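Structure, as C-alpha cells:
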Amino acid sequence: MAPATPERFGDYELRERLGVGGMAETFVAIRRGPGGFEQRVCLKRILPTFAGDTEFVEMFLREARMSALLHHGHIARVLDFGIADRAHYLTLELIEGTDLRAALRHLRRRGESLDPGLTSYVAHALASALDFAHTADENGNAAGIIHRDVSPSNVLLSNAGEVKLADFGIAKASNLPGSIQSAALKGKIPYMAPEYALGRHCSARSDLFSLGVLLYECLAGYRPFDGGSDMQTLDRARNGGHDLLHEAAPETPAPLVDAIESLLVPDPDERPPNAAAFIAMLTEVPPPPLAQRDLGELVRAVEIDGAIPSAPGLASTRAAPTLRPRKHLPSRK
C-alpha cells in the first residue's frame, strides 16, 4: 500500500510497502541522483522491534555478504547495503512482474500447466543460477552458497520474460567467515530435500532436489510428494513415492522427463553431482527461440488477473483478481 506521504529513509523515498515478514519489511523505493537520475528499487529493512537483536542483525549481515557475491543474470541483484535512521537495510533489484507461484496458480485456475518449452527455459535459467551460487565467488573460487529454499515464490518473473532466483536470506555459505548452519529447519516442506528435512548434510544436491520438485509442479500442475500432512509429505519424499512425470505430464519430451526425475531421487548421491551436470542433461531440450517473449506474455496475463506480490524484490500494480476466458499460452516451437 502506498503511504499518503512518501517516507524518507536515508537516501531513499519509500513509495509502497510490498510486504512484512517476521523481522523485516520490504518497500518499493526511489533512489534519486544528479541530473534527474531516478531508480525504482526494492528496499528491505529490519523492523524497529528487532533493530537491537544482535543475532538477527548478524543473520541480515550474512545475507548481505552472500548476496554481494552473486552477480549473475538469473539471480536478483543486491544494489546497496547500509544503515539509515538506526536501521539496517538491503536494497535489491526490483522485478516488475510476478513470481512463479502466482503464474502456476493462474494456470491451475484455467486447468492448464506450464508448457514444456517454457519449463525448459525456466529449468535452464534456475540451474544456471544455482551452478553459479554453488561454485563461484568474486575471485572465481568455490563459495558453496546453498540456497535452501528453492521454491516458486522465490522465482521472480519479469514482464520481459526474465527469470530471477531471489531471497538468499536462509542460504548457507560454508566458505564465508561467520557463516553458520542453524539447527532450526528452514524452508518450505513440500520442496525440501529429505536429507535436509532429516537434519543431515545439506549440499548443492539438496537445492537440485528442490528444483526438481518445482519443475515437476510446472509440468504436472501439482507437487510430486504432497501428502495429507507435512510428515506424510516428508515420508513420501524420503521413499521417492510419486506419480512418474511421464504419466503426470505425458506431453513432456522424454529427455526433459528423465532430467527432472533424476533430481527427485531420495538418495542425494544418486542425483546429478551438480547443477552443471543437470544442464548437460537438458541438451536435447533447449528452450524455444521465443521462450522469453512467451513467458513475458504469461506474466502480463497473470498481472491482469491480479496476482499479489509475495516475494522481496517483486512489484505488481495491477487490479484485483478477475477470471478470464481460457487461452492456452504455449511456447513457440
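The values are calculated or read from the model by the stated rules, or taken from the named source; none is laboratory data. Everything numeric in this text was worked out from a predicted model, so none of it was measured. Positions of Cβ are generated from backbone atoms using ideal geometry, with glycine treated the same way; all protein chains shown enter the neighbour counts.
Checking ALA129 against (1) within 21 Å of ILE30 (Cα to Cα); (2) surrounded by 24 or more Cβ atoms within 10 Å (Cβ to Cβ); (3) not β-branched (Val, Ile, Thr), only one condition comes out false. Which one?
Of everything listed in (1) within 21 Å of ILE30 (Cα to Cα); (2) surrounded by 24 or more Cβ atoms within 10 Å (Cβ to Cβ); (3) not β-branched (Val, Ile, Thr), ALA129 misses just condition (1).
Looking at (1) assigned to a loop (DSSP other than H, G, I, E, B); (2) of a type in the set (Gly, Ala, Ser); (3) at pLDDT 95 or above, which is the only condition ALA307 fails?
In the conditions (1) assigned to a loop (DSSP other than H, G, I, E, B); (2) of a type in the set (Gly, Ala, Ser); (3) at pLDDT 95 or above, ALA307 misses (3) alone.
Here are some conditions: (1) in a loop (DSSP other than H, G, I, E, B); (2) touching a Phe, Trp or Tyr at 6+ places or on another chain (Cβ under 8 Å). GLN292 meets all but one. Which one does it not meet?
Tallying (1) in a loop (DSSP other than H, G, I, E, B); (2) touching a Phe, Trp or Tyr at 6+ places or on another chain (Cβ under 8 Å), GLN292 fails exactly one: (1).
Is there any pair with a first residue in the stretch 188-206 that is modelled with pLDDT of 90 or more and a second that is of a type in the set (Ser, Thr, Tyr) whose Cβ atoms are under 6 Å apart and which are 6 or more apart or on different chains, and what are they?
ILE189/THR233; PRO190/THR233; TYR191/SER151; TYR191/SER210; ALA193/SER206; SER206/TYR196
Could you please tell me which pairs satisfy a Cβ distance under 6 Å, a separation of 6+ or placement on different chains, a first residue in the stretch 257-272 that is assigned by TED's automatic domain parsing to the domain that holds GLU217 and farther than 12 Å from LEU244 by Cα, and a second residue that is part of a loop (DSSP other than H, G, I, E, B) and not basic (Lys, Arg)?
Note: pairs meeting the criteria are ALA259/LEU282; PRO266/GLY240; ARG271/VAL265.
What number of residues within the stretch 245-266 satisfy the criterion of being more than 23 Å from the chain's Cα centre (by Cα) and farther than 23 Å from HIS124 by Cβ?
So the answer is 1.
Tally up the residues in the stretch 9-44 that are in contact with a helix residue (DSSP H, G or I) (Cβ under 6 Å, 6 or more places away or on another chain) and of a type in the set (Lys, Arg), please.
Number satisfying all stated conditions: 0.
Considering only the stretch 233-249, I want to know if a residue exists there that is in a helix (DSSP H, G or I) and among the hydroxyl-bearing types (Ser, Thr, Tyr). Give the steps one after another, and end with the answer.
If we filter the stretch 233-249 for residues that are in a helix (DSSP H, G or I), which is where we start, we get 233-239, 245-248.
Pick out the ones that are also among the hydroxyl-bearing types (Ser, Thr, Tyr) and you get 233.
Yes, because at least one residue in the stretch 233-249 is in a helix (DSSP H, G or I) and among the hydroxyl-bearing types (Ser, Thr, Tyr).
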